[in-house]
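Undergrad: Pasting a structure below so you can have a look.
The values are calculated or read from the model by the stated rules, or taken from the named source; none is laboratory data. In this text, all values refer to a predicted model and were calculated from it rather than measured experimentally. Here the Cβ positions follow ideal geometry from the backbone for every residue, glycine too, while neighbour counts run over all protein chains shown.
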Amino acid sequence: MSHAQKSSKGAGGGKAAAKGKKAAGGGKKVEDEREESLQAVLLADSFETRFNPFTLEAPRCLLPLANTPLIEYTLEFLAMSGVADVYIYCGAHTAEVERYIQASKWYPLTSPASPFNSLEIIKTTARSVGDALRDLDARDLISGDFLLVHGDLVSNLPIDAALAAHRARRIADKNAIMTMILRSGGLGPHRTKSQGITPVFVVDPTKNRCLHYEEMHPLQANKYVNIDPELISTHPEMEIRTDLIDCGIDICTPDVLALWAESFDYEVPRRHFLHGVLKDYELNGKTIHTEIVEDHYAARVANLQSYEAISKDVLGRWTYPLVPDSNLVVGQSYKFERGGLFKENGVALARTCKAGKNTVLGKDTSIGDASVVTNSIIGRRCQIGKNVTIKNAFIWDDVVVADGSTVDRAIIASEAVVGRNCTIQSGALLSFGVRIADNKVVKSGLRVTRAKRKPEGAEGETKVVPSQTEVVGEGGEGYEFQDDEESDDEASVFHTNLVYSTAHLNISSESISTFSSEISAASIGEPRSRTTSFTGSISEDGDLESSNETFHHDAVAGLYDALKEGGDIDAAKLEFMGLRLSNNASDHQIRRAIATAFTKRISQLVESEKMEASKAAAQALGLAGAEKFLKEVAIGTDGSEDDQVDFIICLQKDLAHRASGAVILAAMSQRLYQMEVLEEEAYLKWWQDAEALGEQEDKEMKRVREKTKVFIDWLEEAEAESSSDEDEDSD
């Protein structure tokens, strides 16, 4: 952990710090001074893979937007908001983020110009936002109100009014724990709106209180929002908003972290945390509010589509003063010239070239004769040859585009080389250092990288992947990137990309119905998103029923609470079956939810209460009614072998992501076998099927079943002895 702190601050310390000093001078308690100073938690890692292959080699928060690293925009926003203390949470590429921050103007220890009292870089092994916030809660760093933002936020929004409203609500009601800042995008098309998945906020406008949250995706046949009838009766005035842009700015109290810590099922802020807390209002009594702004600018660079949209907004000066000619980074020298051209010192333009409007040209870049550049952003030290056409493209630093080539709506990362007479088609992604040979066409949507990768199924260091001539041409360097996670069959993922099209999907155009007794198909996607073709929109496995996240979350929460309280499972069964009927959940979804609830409870006993895995499994599985519930609901009365194998796989998949997963799977397997919930034949078939996968088996899935091998060996020996005894009897 890297920590920097100043002992005193002048005017640059921000409004919040100034307020704190004034309060102290007036004779108020020290606690009041601390409360007035504003803290911020900046999530530098999005825990997603939407920007692959670039984020294989560089942190997402340092990728350039209009030739300025993304995190610079976020830190500028925090400085404008009067934040005193910043905690930056890093996951992947922590060292690069740490080096960048420590060399920047933001680091108080080395920069007298830093507006922050302290800035702390926190290294974490978290796999999701939920893991990071639970880790933050355990560190006890937050003393009062704090801003929660992502390292890809671009905003010139003043938060004074929203912060004052939040604090007034908190003083009046300690259960008002969070305020989300949302931006109105209007009912018509808006390029920074979420394309594909649509967030739906149900708001009481008289109290600015968020009552319900869901996500809709285009593959749903009907657009329904399932609202609790009690909400309708207790809130006579209600708005269903699908026009809001969620910019990921949350003003929180420490109670928010406590709620994250209480539920290990929460992984993402909206689809899990927000939906869950609102759903469980009767249990927790906590309220979440909204501040909906009409003016100013705020948006997250959440995917490639928004990367393009926000880049256009920056060049259109909607984000002012966060524009290139503000020169946010030390050493920049951009000037805004006539015709919408942003140009740094040292740019060399040939007499017959044309650099059109809405274009950015970085320092020491050269453009040759008869070349045309329009609506594009080109970084520093790039060499653009003669007769080159570049339009709607994003070219980072130190790139070479040789004579006669065309680049159309693509991203070319730093130090890449495009040969002579090449065509880079719309949506292509060329990652760091890729070399495309002469006369090569890079097809639309192709992702090319040189990143080292671990051989499939292998442990140890990453290795160089051989170049693919069919992709980069003879003498080129790079290979087509294919994400291993895109084969995950847990959910059918639909996401937006740069060139957004759903025309081929036969999507229903029905509008959202505000009240319905039937719940809509749940929003889809996993905590770590697997999209990122630059151009298309896809559904990975076509299995929509596997993605009923609303049912999964509510069913797991209800059953987990029953297990945690040690109550009779028969009572929880009634609620569980009601959820099944209202959500039309499939047998697989039921098994998955039951498996997750039990593994979650046993993991909590093992990891938090330091109980042995065998004892934890015995305690959770031995509750009154648990055996009957597992046999009748999880497996079914017919108890088919395939259903048993599916349940084992559900256990395995959930435990693959838990620290003590391997030992818990072994303990649960033995216990479920002793209870006769799962039979010998099912375990042997599960093991044989997994072994048959060989190198194709997921590494984490293989790791988590390793400690179960002793149990499987025992079953096989018992089966062999039984067969031998039968042979002797027949003799």
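Undergrad: So M577 clears everything in (1) surrounded by 16 or more Cβ atoms within 10 Å (Cβ to Cβ); (2) farther than 30 Å from A138 by Cβ except one condition, right? Which one?
TA: (1)
Undergrad: Give the number of residues within region 68-82 that are more than 10 Å from L328 (Cα to Cα) and either part of a loop (DSSP other than H, G, I, E, B) or of a type outside the set (G, A, S) (or both). It would help to see each step written out before you state the result.
TA: The initial filter retains those residues of region 68-82 that are more than 10 Å from L328 (Cα to Cα), namely 70-71, 74-75, 77-82.
If we keep only those that are either part of a loop (DSSP other than H, G, I, E, B) or of a type outside the set (G, A, S) (or both) too, we end up with 70-71, 74-75, 77-78, 80-82.
Final tally of qualifying residues: 9.
Undergrad: Follow-up question, since we're still on this one. Name the pairs whose Cβ atoms lie under 6 Å apart, with the first residue in region 70-92 and in the same structural domain as A126 (by TED's automatic domain parsing), the second surrounded by 24 or more Cβ atoms within 10 Å (Cβ to Cβ) and among the basic types (K, R), and 6 or more positions between them or separate chains?
TA: Listed pairs, sorted by first residue: none to list.
Undergrad: A further question follows. Do we find a residue being of a type outside the set (A, V, I, L, M), at pLDDT 80 or above and assigned by TED's automatic domain parsing to the domain that holds E120 anywhere in region 28-37?
TA: Looking only at region 28-37, we keep the residues that are of a type outside the set (A, V, I, L, M), and these are 28-29, 31-37.
Filter again for at pLDDT 80 or above, leaving 37.
Restricting the remaining residues to those that are assigned by TED's automatic domain parsing to the domain that holds E120 gives 37.
Yes, some residue in region 28-37 is of a type outside the set (A, V, I, L, M), at pLDDT 80 or above and assigned by TED's automatic domain parsing to the domain that holds E120.
Undergrad: Filter the helices (runs of 4 or more DSSP H) completely within region 546-624 down to those with at least 3 residues that are under 20 Å from G636 (Cα atoms).
TA: The qualifying helices (runs of 4 or more DSSP H) are 549-565, 569-583, 587-607.
Undergrad: Go through (1) crowded, with 19+ Cβ neighbours inside 10 Å; (2) over 30 Å from I292 (Cα atoms) and name the single condition R127 misses.
TA: For R127, the exception is condition (1).
Undergrad: With respect to F342, determine if the residue is farther than 21 Å from L78 by Cβ, among the aromatic types (F, W, Y) and buried (at least 21 other Cβ atoms within 10 Å of the Cβ).
TA: Numbers: farther than 21 Å from L78 by Cβ: yes; among the aromatic types (F, W, Y): yes; buried (at least 21 other Cβ atoms within 10 Å of the Cβ): yes.
Answer is yes for this residue.
Undergrad: If you don't mind, there's one more thing I want to ask. Looking at S311, S263, can you tell me which residue is touching a Leu at 6+ places or on another chain (Cβ under 7 Å) and touching a residue at least 40 places away in the same chain (Cβ under 8 Å)?
TA: Details: S263 fails: touching a Leu at 6+ places or on another chain (Cβ under 7 Å).
Only one candidate qualifies: S311.
Undergrad: From the list A597, A616, A624, pick out the single residue that is assigned by TED's automatic domain parsing to the domain that holds H657 and surrounded by fewer than 23 Cβ atoms within 10 Å (Cβ to Cβ). Steps first, please.
TA: Values: A597 fails: surrounded by fewer than 23 Cβ atoms within 10 Å (Cβ to Cβ); A616 fails: surrounded by fewer than 23 Cβ atoms within 10 Å (Cβ to Cβ).
Of A597, A616, A624, the one residue that is assigned by TED's automatic domain parsing to the domain that holds H657 and surrounded by fewer than 23 Cβ atoms within 10 Å (Cβ to Cβ) is A624.
Undergrad: Being assigned to a strand (DSSP E or B), closer than 29 Å to A132 by Cβ and at pLDDT 85 or above is the filter here; which residues of region 216-260 pass it?
TA: Once the filter is applied, which keeps residues that are assigned to a strand (DSSP E or B), closer than 29 Å to A132 by Cβ and at pLDDT 85 or above, region 216-260 yields R241, L244, I245, D246, C247, G248, I249, D250, I251, C252.
Undergrad: Let me ask something additional. Which of the residues belonging to region 277-313 are assigned to a helix (DSSP H, G or I), surrounded by 20 or more Cβ atoms within 10 Å (Cβ to Cβ) and in contact with a helix residue (DSSP H, G or I) (Cβ under 8 Å, 6 or more places away or on another chain)?
TA: The one that is assigned to a helix (DSSP H, G or I), surrounded by 20 or more Cβ atoms within 10 Å (Cβ to Cβ) and in contact with a helix residue (DSSP H, G or I) (Cβ under 8 Å, 6 or more places away or on another chain): V277.
Matching residues to (1) modelled with pLDDT of 90 or more; (2) closer than 21 Å to I251 by Cα; (3) under 21 Å from the mean Cα position of the chain (by Cα):
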| site | (1), (2), (3) |
| --- | --- |
| A40 | yes, yes, yes |
| F54 | yes, no, yes |
| V83 | yes, yes, no |
| I122 | yes, yes, yes |
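Undergrad: Give the residue, chosen from A103, A113, that is of a type in the set (A, V, I, L, M), farther than 19 Å from D250 by Cβ and touching a helix residue (DSSP H, G or I) at 6+ places or on another chain (Cβ under 8 Å). Spell out the reasoning first.
TA: On the way: A103 fails: touching a helix residue (DSSP H, G or I) at 6+ places or on another chain (Cβ under 8 Å).
Only one candidate qualifies: A113.
Undergrad: Under the condition of being of a type in the set (A, V, I, L, M, F, W, C), buried (at least 17 other Cβ atoms within 10 Å of the Cβ) and over 36 Å from the mean Cα position of the chain (by Cα), which residue from region 345-369 is nearest to V330 (Cα to Cα)?
TA: Kept after step one, since they are of a type in the set (A, V, I, L, M, F, W, C), are these residues of region 345-369: 347-350, 353, 355, 360-361, 367.
Those still in the list that are buried (at least 17 other Cβ atoms within 10 Å of the Cβ) too: 347, 349, 353, 355, 360-361, 367.
Filter once more, so that each one left must be over 36 Å from the mean Cα position of the chain (by Cα): 347, 349, 353, 355, 367.
Values: V347: 18, L349: 24, C353: 30, A355: 25, I367: 25 Å.
Restricting to residues being of a type in the set (A, V, I, L, M, F, W, C), buried (at least 17 other Cβ atoms within 10 Å of the Cβ) and over 36 Å from the mean Cα position of the chain (by Cα), the top hit is V347.
Undergrad: Given the residues R300, R270, which is the only one that is in contact with a strand residue (DSSP E or B) (Cβ under 7 Å, 6 or more places away or on another chain), of a type in the set (K, R) and at pLDDT 90 or above? Show your work before the answer.
TA: Numbers: R270 fails: at pLDDT 90 or above.
That would be R300, the only listed residue that is in contact with a strand residue (DSSP E or B) (Cβ under 7 Å, 6 or more places away or on another chain), of a type in the set (K, R) and at pLDDT 90 or above.
Undergrad: Could you say whether any residue in region 322-338 is crowded, with 21+ Cβ neighbours inside 10 Å, in contact with a helix residue (DSSP H, G or I) (Cβ under 9 Å, 6 or more places away or on another chain) and farther than 24 Å from A44 by Cα? Spell out the reasoning first.
TA: Residues of region 322-338 that are crowded, with 21+ Cβ neighbours inside 10 Å, as a first pass: 322-324, 334.
Still in the running and in contact with a helix residue (DSSP H, G or I) (Cβ under 9 Å, 6 or more places away or on another chain): 322-324, 334.
Next cut, farther than 24 Å from A44 by Cα only: 334.
Yes, that holds for at least one residue.
Undergrad: Same structure, new question: Would region 115-138 turn up any residue that is assigned by TED's automatic domain parsing to the domain that holds D265 and more than 30 Å from D280 (Cβ to Cβ)?
TA: Step one: of region 115-138, the residues assigned by TED's automatic domain parsing to the domain that holds D265 are none.
Among the residues of region 115-138, not one is assigned by TED's automatic domain parsing to the domain that holds D265 and more than 30 Å from D280 (Cβ to Cβ), which makes the answer no.
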